[in-house]
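I have placed the structure first, in the form of structure tokens, so that the comments after it can refer back to it.
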Amino acid sequence: MNRATRVVHPIEQESFRRLRARLDTSHFPPLTRAVVERVIHSAADLDYAADLVMDEDELTAAHAALHAGAPVVVDVEMVAAGITRRETVCRLKDAKAGPGLTRSAHAVRLAYEQVGPGALWVIGCAPTALEELLTLDASPALVIGLPVGFVGAAESKAALRASGLPAVSNVSEKGGSAVAAAALNALLYHSVPLSEETS
């Protein structure tokens, strides 16, 4: 695992300064704030502050799992490309569509066979990938469910929230690979307390 200190580019620093000048995020708990700000930063869309749904305790547990080496599974390579400090699992190239089964859904099945329970799942493209994940006994550390689209996206995210699984989702139809990757990166970039690193 890469423990090297992340160097933040001055443009990113200025971008976050401007974001905070336009939107007060200080009332959010630490990890929630990190996710909200990084998602907004990735999309230049302040409305995500009211659209995202997550729980700080779930994020805390997921953060610990992530930094302890839990696998990260993504639905498409575009999400993988946005996650800059961690190897990911994406089985879309190996997947095949079939009757009542999209390639994205099959890729989720293949990924689960590979990683088993306890992974972090990052879904930013296909609502059917999220729907398939909800049919499995995946026991995820976290599901970042932010698929985008006019068909099934909002519904799949509502189903995720109703499932009771630890999750980051949003209410509206918007989402996408960039914002899903940003939510995972927020947890990756948030520093691990020294006591956790040395315990």
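The values are calculated or read from the model by the stated rules, or taken from the named source; none is laboratory data. Keep in mind that what you see is a predicted model, and the values were worked out from it rather than measured. Virtual Cβ from ideal backbone geometry, glycine too; neighbours counted across all protein chains shown. To get the accessible areas, we keep the full protein, side chains included, count just its heavy atoms, and leave off ligands, DNA and RNA. Shrake-Rupley method; radii C 1.70, N 1.55, O 1.52, S 1.80 Å.
Miscellaneous remarks
- Among the residues making up the range 10-32, those that are of a type outside the set (A, V, I, L, M, F, W, C) and either part of a helix (DSSP H, G or I) or in contact with a strand residue (DSSP E or B) (Cβ under 9 Å, 6 or more places away or on another chain) (or both) are Pro10, Glu12, Gln13, Glu14, Ser15, Arg17, Arg18, Arg20, Arg22, Pro30, Thr32.
- Restricting attention to the range 98-122, the residues that are open to solvent by 70 Å² or more (accessible area, probe 1.4 Å) and out of contact with any Ser or Thr (no Cβ under 7 Å at 6 or more places or on another chain) add up to 6.
- Matching helices (runs of 4 or more DSSP H) fully within the range 51-134 where at least 1 residues are farther than 21 Å from Leu165 by Cβ and touching a helix residue (DSSP H, G or I) at 6+ places or on another chain (Cβ under 8 Å): 77-82, 103-115
- Inter-residue pairs, beta-carbon under 6 Å, first assigned to a helix (DSSP H, G or I) and in the range 141-163, second open to solvent by 10 Å² or more (accessible area, probe 1.4 Å) and among the charged types (D, E, K, R), 6+ apart: Ala153/Glu173; Ala154/Glu173; Ser156/Glu131
- Residues that are more than 13 Å from the chain's Cα centre (by Cα), open to solvent by less than 30 Å² (accessible area, probe 1.4 Å) and under 23 Å from Leu188 (Cα atoms), drawn from the range 77-97: Val89, Cys90
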